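This report refers to the structure that appears directly beneath it.
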Amino acid sequence: MDKKNQGKQKPLTGSFRTDGQPLELGEYEKTGGYEALRNALKSMSPKDVQEEVKASNLRGRGGAGFPTGQKWSFVPAAEGPLSRYVVANADEMEPGTFKDRILMENSPHMLIEGMALAAYAVGAQQAYIFLRGEYVRSSRVIAKALAQAYEKNYLGENIFGSGFSLQMHLHLSAGRYICGEETGLLNSLEGKRAIPRVKPPYPQVSGFMGRPTVVNNVETLCNVPHIIRNGAEWFKDLSLSEGGGTKLYGVSGRVKRPGAWELPMGTTIREILEEHAGGMLEGYRLRGLLPGGASTEFLLEEHLDMPMDFDSLQEAGSRMGTGTMVIMDDRTCPVGMQLSLQTFFARESCGWCTPCREGLPWVVHMLNAIEEGQGEMEDIDLLLEQARLLAPGHTFCALAPGAAEPLGSGVKYFREDFERHISEKRCPWGQNR
């Protein structure tokens, strides 16, 4: 396949430089960069852009998988200048997830163009890139790209002489996992404590500074220029399933080639793990995996031929989440892994609601006792009860339910390991701290 066709099949990554350096503005323009924005401003109405994205079946790549065009359509009609906002959620703190960093550091203008198109579609004249503070290289790359875009009048006043103006700002996060929740993000962006808000009203109606706001994930926004330039049908044809487009799938753990690859939406877990990640390291066997980052339910070897898409994984009792697998091998203690995950979630709780603030530290306390050989058999059922109490509908936002997913499924699939810790009064893997 020649490079031109490869870029069409891999719209997000096909034009990346081989030396790992970010595409400069001129290089991005040679790949068709900013053509979609130019054409949209000259020949499409905001409604046309919304409808094209809606027809493409683009679903949010941040974890929830909500249809992007539909989300934009919830923004009410214009009420005057500077009254609406677009925010890129680049606060990538999900353990095991690194896909957005790859996009920002290799093709920052793709994100900027996607945000500009989103802003035009919803009538926003202000946009923010809410970036994880620890992504120092990403911040440098994006800051330079923003300056280049302003210099070329791809941002600023009267873009392409269309009458549409957009100011775009880079905001560095204070560095809390809760900022990945869109209303916690908005509170942080306003300089407030990063805690989730009551919904409704949803951000599309009352978001940043009380004004209509669209918050989208980085990967989601990076797809938009390609949809507008090539069309909704083209985007849908890239996929192997109902969800349109390609997906950046990642794998971390004891595999031969950990990393991320742009593949058709609906590629099977087996292909991602065995062909692209190279399979397990010699001497290690797959025991389980979290398919979409740390806050998704465990899957087993029997699930390997399942398509990695939103609907298929939901039917299997898990979620695609961010599409980045965390692999658990047969030499890793399931209790120890669970303790590590839940310690993270407990530490990152904003403390706003009781089940999360009190429940997660209690889960960590029980797991620590089991790992140290001091647990009781009834603790296992108590962990399952905690997973039930932390599930959706019992907490203020999705942080605690996200912690409950690996907890409940981990106890379900690896219960014998928990029982061995308790009966033998030690970690059978010798991983006692």
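The values are calculated or read from the model by the stated rules, or taken from the named source; none is laboratory data. Bear in mind that the values here come from a model prediction, so they are computed numbers and not experimental data. Counting neighbours? That spans all protein chains shown, and the Cβs are built from the backbone with ideal geometry, glycine included.
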Is one or more of the residues making up region 356-376 in contact with a His (Cβ under 8 Å, 6 or more places away or on another chain), among the acidic types (Asp, Glu) and under 21 Å from residue 337 (Cβ atoms)? yes
Under 21 Å from residue 219 (Cα atoms) and out of contact with any Gly (no Cβ under 9 Å at 6 or more places or on another chain) - does that describe any residue in region 252-265? yes
I'd like to check something: does region 101-122 contain any residue that is at pLDDT below 95 and part of a loop (DSSP other than H, G, I, E, B)? no
Any chance residue 188 is touching a residue at least 24 places away in the same chain (Cβ under 8 Å) and in contact with a Pro (Cβ under 6 Å, 6 or more places away or on another chain): no
Inspect all residues belonging to region 268-286 and state whether any of them is surrounded by fewer than 23 Cβ atoms within 10 Å (Cβ to Cβ), among the hydroxyl-bearing types (Ser, Thr, Tyr), at pLDDT below 95 and over 19 Å from the mean Cα position of the chain (by Cα). no
Sole exception among (1) surrounded by fewer than 23 Cβ atoms within 10 Å (Cβ to Cβ); (2) in contact (Cβ under 8 Å) with a residue 24 or more places away in the chain; (3) more than 21 Å from residue 393 (Cα to Cα); (4) of a type outside the set (D, E, K, R) for residue 366, by number: (2)
Near pairs, Cβ below 7 angstrom, 6+ apart or cross-chain, from region 101-118 (without any contact (Cβ under 8 Å) to a residue 60 or more places away in the chain) to any residue that is of a type in the set (D, E, K, R): 101/92
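Quick grid of which residues meet (1) over 30 Å from residue 406 (Cβ atoms); (2) buried (at least 19 other Cβ atoms within 10 Å of the Cβ):
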site	(1), (2)
94	no, yes
117	yes, yes
135	no, yes
153	yes, no
Filter region 137-149 down to the residues that are touching an Asp or Glu at 6+ places or on another chain (Cβ under 8 Å) and surrounded by fewer than 24 Cβ atoms within 10 Å (Cβ to Cβ), then identify the one that is farthest from residue 94 (Cα to Cα). 148
I need the full set of residues from region 299-314 which are surrounded by fewer than 19 Cβ atoms within 10 Å (Cβ to Cβ) and either more than 20 Å from the chain's Cα centre (by Cα) or not acidic (Asp, Glu) (or both), in order please. 300, 301, 302, 304, 305, 306, 314
Is there a residue being over 27 Å from the mean Cα position of the chain (by Cα) and surrounded by fewer than 22 Cβ atoms within 10 Å (Cβ to Cβ) anywhere in region 348-358? no
Please give the strands (runs of 3 or more DSSP E) falling wholly within region 163-257 in which 1 or more residues are assigned by TED's automatic domain parsing to the domain that holds residue 52, surrounded by fewer than 18 Cβ atoms within 10 Å (Cβ to Cβ) and touching a strand residue (DSSP E or B) at 6+ places or on another chain (Cβ under 8 Å). 167-172
Some residue of region 146-167 being touching a residue at least 12 places away in the same chain (Cβ under 8 Å), over 25 Å from the mean Cα position of the chain (by Cα) and farther than 17 Å from residue 114 by Cα: yes
Only residues that are within 22 Å of residue 298 (Cβ to Cβ) and in contact (Cβ under 8 Å) with a residue 40 or more places away in the chain: list them for region 347-363, please. 348, 349, 355, 356, 359, 360, 363
